[in-house]
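To keep things clear, I will list the structure first and then write my remarks on it.
The values are calculated or read from the model by the stated rules, or taken from the named source; none is laboratory data. Just so we're clear, the structure is a prediction, and the values are computed from it rather than from any experiment. Using ideal geometry, Cβ is built from the backbone for each residue, glycine included, and neighbour counts are taken over all protein chains shown.
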Amino acid sequence: MNAHIPVLLDPILENINFSNYPVIFDGTYGGGGYTDKFLDNQAIVFACDLDNTVKPNSNKNLTFANQSYSEYIKTFEDNFFDVIVLDLGFSSNQLTSSKRGFSYQNDDEIFDLRYEISDNFTPAWKLACGKPVENFLPQFWRKIQQKRRFRC
Ligand SMILES: C[S@@+](CC[C@H](N)C(=O)[O-])C[C@H]1O[C@@H](n2cnc3c(N)ncnc32)[C@H](O)[C@@H]1O
């Protein structure tokens, strides 16, 4: 179920001229809140999301890739798009999922913070423990997360 409520959608829609069937790049598809409205307004949309669990319904005017926007945009020529939109951050679906380490309500692997779900993913806390921040980050997380487990 998509629980994500898009923010800033109205001002974005107000600032796009839909009369000429614009070609739009939505680099952070999420729950599709932006793209759905663009498609409703007869735009052609190229969208992507780093989260490989995000799978939009098919639409003849939508091309989608599970890829980072920084990589996907390179596959297009300069000035290909009339509009480029990035709605940076997390979607509500990611924050409430029990598998990604964002939620404080569930017993996730601590400080996991995964956008994509794959077997070869290295959780954020393992990366942090091998870096210079290792001296303070565990203590920091121990303090703010109190009862939660954390070991480097
Ligand atoms: C705030 S949500 C977008 C919500 C969307 N505008 C909507 O209305 O449903 C941000 C999305 O950006 C995605 N994201 C984060 N970093 C990304 C990246 N480098 N490339 C592509 N997507 C990314 C996240 O996975 C998340 O789904």
Give the number of residues within the range 47-77 that are in a strand (DSSP E or B) and within 12 Å of the ligand (Cβ to nearest atom).
4
Considering each residue of the range 50-71, count those that are among the acidic types (Asp, Glu) and either crowded, with 17+ Cβ neighbours inside 10 Å or outside the structural domain of residue 22 (by TED's automatic domain parsing) (or both), and give that number.
1
Suppose the filter is within 14 Å of the ligand (Cβ to nearest atom) and either assigned to a helix (DSSP H, G or I) or among the polar types (S, T, N, Q) (or both); does residue 28 pass it?
yes
Here is a list: 121, 80. Which entry is part of a loop (DSSP other than H, G, I, E, B), modelled with pLDDT of 90 or more and away from the ligand (no atom under 13 Å from the Cβ)?
80
